[in-house]
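The values are calculated or read from the model by the stated rules, or taken from the named source; none is laboratory data. Predicted, not measured: the structure shown is a model, and the values here were computed from it. Positions of Cβ are backbone-derived with ideal geometry, glycine not excepted, and every protein chain shown enters the neighbour counts. Side chains included, ligands, DNA and RNA excluded: accessible areas come from the protein's heavy atoms. Shrake-Rupley method; radii C 1.70, N 1.55, O 1.52, S 1.80 Å.
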Amino acid sequence: MSTFDERKQIRQHRREQYVRLKNECSKMFPVVGSGKYITAPVITEDGQPIRNPVVALETNLDANANRTEMAKELTSNGPLDMKVVQWMHTLHQIGLYVKRTDRTLLFYNKPENLSKLQDILSVYAWIDIDVGYCQGMSDLCSPMIILLENEADAFWCFERLMRRLRGNFQCTETFVGVQTQLSNLATVTQVIDPKLHQHLETLGGGNYLFAFRMLIVLFRREFSFCDSLYLWEMMWALEYDPDLFSLYEELELNMEKAEGSKGKSKPTQKYGKYERENMKIKSVDAPLPISVFLVASVLKDKSSVLLHQARGLDDVVKILNDMTGNLDAKKACTGALKLHKKYVKAKTHCNSKSMG
């Protein structure tokens, strides 16, 4: 329900905010915003900048960058704050993954596009220090940079996506965020294909870690680049909720609209198809994301092969890896919706029996 002028104002506000954040990062570490990306550590475990003048930077400007000068600049204002140290520890990790991301695409033959990916991920790691950078985030960010010419627009698109997905990347010594979805996947598969679930458990795959990559990067590796974007569009359209905008925007930009919409029921046709189905379910539990049913759909499609050919977890991984680039996005979404209906029906029937 926004107007063109309102969207323009929000876009400009965001662009200015990104410039401030990037400048802040650049002051702490001058490589950010320099057209360079870094692939070697710049700070020791105890927070001391590395002074070894080994080439650590790859750039389209100067391949002989010297870390000694950088180290002097970093320590010129005294000891570094622990938050800064934590952030700087992630920078070379980001650079290493930047080098590997979508390397088959001509877009990344240009060093300036690699440095743009490094800058966006570095700024994000600074504003979300609890998550920082984790493997897979470059795969989620890359399409934003390719599709959106303005770097700030690409950053905020990625940042909003991370608001939906950051729980997957939050880890402790004993728990990985995406394990919740893997557990949900196990429950769904047990209901819709008990034979396959039992077979996977027998092979030692009952934790469904073989599906980790599919969920963490939203099928970027399983589908071709174009098909994965097509899949994302369909997923988000199916899950669409008119209230998402107000959930993702800054409070000050939405206070008036939020107040004005209180108590007003929205027509169900404004919601995505998957969201409408969830609205029919009377449950206190939060609905499962469609991505869980997409993975379940892929497993169901390969059920016969997995049952007859998989004799160990390595076979499971190989069978799933062989699908890479050969999956149909539309078919996967259609299958996910069918499985969701089947799962809800089975769960409702089970609950009715237990209450009876």
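When you count, for each residue, the other Cβ atoms within 10 Å and take the mean per peptide, how do 118-125, 198-205 rank with the highest first?
118-125, 198-205
Can you compute the label reach from Lys99? Point 7 Å from Cα along the Cβ direction, backbone N cut-off under 20 Å, restricted to the range 117-156.
117-123, 133-142
Residues of the range 82-108 with the amide nitrogen closer than 20 Å to a label point 7 Å from the Cα of Thr44, along Cα-to-Cβ, please.
Only 82-93 fall inside the zone, counting backbone N under 20 Å.
Would you please name the trypsin sites (Lys or Arg not before Pro) within the range 76-168 that are DSSP coil residues with at most 11 other C-beta atoms within 10 Å of their C-beta?
When the trypsin sites (Lys or Arg not before Pro) of the range 76-168 are filtered for loop state and at most 11 Cβ neighbours within 10 Å, Arg103 remain.
Heavy atoms only, 1.4 Å probe, whole protein assembly: order Phe210, Phe158 by accessible area, highest first.
Final ranking, largest accessible area leading: Phe210, Phe158.
Full extension from Cys226 to His92: what is 0.36 nm times the residue separation minus their Cα-Cα distance, to one decimal in nm?
45.4 nm
Diagonalise the Cα gyration tensor of the range 175-354 and give the resulting equivalent ellipsoid semi-axes, square root of 5 times each eigenvalue, largest first, whole Å.
Here the semi-axes work out to 32, 20, 15 Å.
Between the alpha-carbon centers of the range 25-41 and the range 205-232, tell me the distance in whole angstrom.
Here the answer is 30 Å between Cα centres.
Could you compute how much accessible surface Asp285 exposes when probed at 1.4 Å, giving the result in Å² to the nearest 10?
About 100 Å², ignoring ligands and nucleic acids.
Could you work out how much longer the chain between Ile319 and Met279 gets when fully extended? Use 0.36 nm per residue separation minus the Cα distance between them, nm to one decimal.
10.8 nm
How far apart, in nm, are two points set 7 Å out from the Cα along the Cα-to-Cβ line at Asn326 and at Ser246?
It works out to 4.8 nm between the two label points.
Would you list Phe155, Phe4, Phe212 from the most to the least accessible area, probe 1.4 Å?
Per-residue accessible area, sorted high to low, gives Phe4, Phe212, Phe155.
Taking a probe of 1.4 angstrom, what is the accessible area of Ser224 in Å², to the nearest 10?
Around 50 Å² of this residue is reachable by solvent.
Given Val217, His308, Leu182, which one lies farthest toward the positive end of the charge dipole of the range 175-354, if we put +1 on the Cβ of every Lys and Arg and -1 on the Cβ of every Asp and Glu?
Selected residue: His308.
Which FRET efficiency, nearest 0.05, do Glu149 and Arg311 yield, Cβ-Cβ r, R0 41 Å?
Given R0 = 41 Å and the Cβ-Cβ separation, E is 0.25.
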